[in-house]
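The next block holds one structure in the form of structure tokens; read it before the comments.
Values in this text are rule-based calculations from the coordinates and carry no lab data. Bear in mind that the values here come from a model prediction, so they are computed numbers and not experimental data. Using ideal geometry, Cβ is built from the backbone for each residue, glycine included, and neighbour counts are taken over all protein chains shown.
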């Protein structure tokens, strides 16, 4: 990051203050763990929430007179699983299209290959050719259940391409578990981006934005003694320096992730916030503007203790902010005295 | 957490964390102050006024302690930078004036840094003594049911 960019970021951080109060049933007192573990935590939490939010998700695509309605038979899959995708083909005027031919292909996850840094990224993305084409005909009600299989080494981002009646669509296969890897964050970003109407659109939006921020962050980090970027594709056991299964060889913990201070702060904020709904939020600007937002729950009278906690938090945060600006001022003064 | 600990935590993890728990160890409130001043507070729904008061008092103390140490460090850093500039200025200048400038710059840097280090050492000793004093008091308060508010 250039000096100009650093100064711009510092100015942005110092000219605004954000105070968030969250209500949660159970809290752990632990601080953010090592960044690799924190990335794993964030990816796992985002994936679980997306699987919950998009449990009954159905993709509807129309082209010309044909309409496709596609859905997976299960809410989530694991690498190596066999699955089914249900495709319903209909004509906008004539209704269900019995006997229509449907083609399904499995598209492996994208490959992030090392390249010369461009705009900070150290990898270039390429999409491998689809594999395992399956063709089936719809039954009388215009429905086809087409099998697909995932390979043991399939990474997050594996998708199913569906084609019928000249209409084509691509759906990411929902995965039961993901790691805090580059592939996982790209997968979460695309999945949240493609989410239709869901119960918590704000959460899908947060997952979409934060996932691409974390993917971009990983793309710019130099790997320990290698080319490309640090893809951070480690299981939890590997991060703990343990063998994957009993009897396997014990592995060394991966080297620390080379995060800049700014990136560490970004990750920390994302980790702290998780998928919790913010009950009360106050934004304070240097020009004196103060904006407070409350959810419906936060605006109720029963939340008076939370109001007190939030207002006291605003007081302490502004005090801390003033101290921070004072410290920088005294540093500048001591340089020129 | 002492001021020194708070500052170390701020540098290492990117924030100060203050946690308030009940005697059974259940975490009731957790606040994190980010280095840029942003605050995130997570609380359980059944929070009492007393817990809020105690938590905010601790948070304020941590902020004050971190600020005091940060101010001293920042001032020391300013002097160190000024000294380094004077030293490099001396090294770049040939002849006697340059040498005198270098000695002057070095002297100006060393004296306040020494004073700062002694202050830090004394502050740390004082904090340790305070913590040792407060431990039996906290245990007594817990035994008397001071948490049940």
Note to self: List residues of the stretch A:19-36, by number, whose backbone nitrogen lies under 18 Å from a label position 7 Å along Cα→C-beta of residue A:242.
What the structure shows: A:33-34, A:36
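If you take all C-alpha pairs in the stretch A:82-224, what percent of them are over 19 Å apart?
Working: 6144 of 10153 pairs.
Percent of Cα pairs beyond 19 Å in the stretch A:82-224: 61.
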Notebook entry, point to check: Cα extents of the stretch A:218-337 along the three principal axes, largest first, in whole Å?
Noted result: 58, 54, 21
Note to self: If I model a spin label at residue A:135 and residue A:250 as a point 7 Å from the Cα along the Cα→Cβ vector, what separation in nanometres do I get?
What the structure shows: 5.6 nm
Item checked: Rounded to whole Å, sorted largest first: equivalent-ellipsoid semi-axes of the stretch A:211-273, Cα gyration tensor -> 25, 15, 10
Check: Quick one: what does P(r) look like for chain A with 20 Å bins over all Cα pairs, in whole %?
Finding: 24, 49, 24, 3, 0
Item checked: Rg/Rh (Cα only; Kirkwood hydrodynamic radius) as it applies to the stretch A:1-151 -> 1.12
Next item on the list: Please give the direction-averaged projected area of the C-alpha convex hull for the stretch A:140-237, in square nanometres with one decimal.
Entry: 9.4 nm²
Notebook entry, point to check: Which distance in nm do the two modelled labels at residue B:26 and residue A:26 give, with both placed 7 Å along the Cα-to-Cβ direction?
Noted result: 1.1 nm
Notebook entry, point to check: Expressed in nm to one decimal, what extension gain is obtained for the pair residue A:295 and residue A:200 from 0.36 nm per residue of sequence separation less their Cα-Cα distance?
Noted result: 32.9 nm
Next item on the list: Apply 1/(1 + (r/R0)^6) to the Cβ-Cβ distance of residue A:82 and residue A:209, taking R0 = 41 Å, and write down the FRET efficiency to the nearest 0.05.
Entry: 0.75
Next item on the list: May I ask for the angle, rounded to the nearest 10°, between helix A:304-336 and the longest principal axis of chain A, with both axes built from Cα atoms and the value confined to 0 to 90°?
Entry: 60 degrees
Checklist line | chain A: angle of helix A:201-219 to the longest principal axis, Cα-based, in degrees nearest 10 | finding: 80 degrees
Notebook entry, point to check: Hey, quick one: spin label on residue A:94, modelled 7 Å out along Cα-Cβ, who in the stretch A:161-200 has an amide N within reach, i.e. under 14 Å?
Noted result: A:165-166
Next item on the list: May I ask for the angle, rounded to the nearest 10°, between helix A:182-194 and the longest principal axis of chain A, with both axes built from Cα atoms and the value confined to 0 to 90°?
Entry: 70 degrees
Margin query: Once you compute Rg and the Kirkwood Rh from C-alpha atoms, what is the Rg to Rh ratio for the stretch A:53-98?
Written below: 1.08
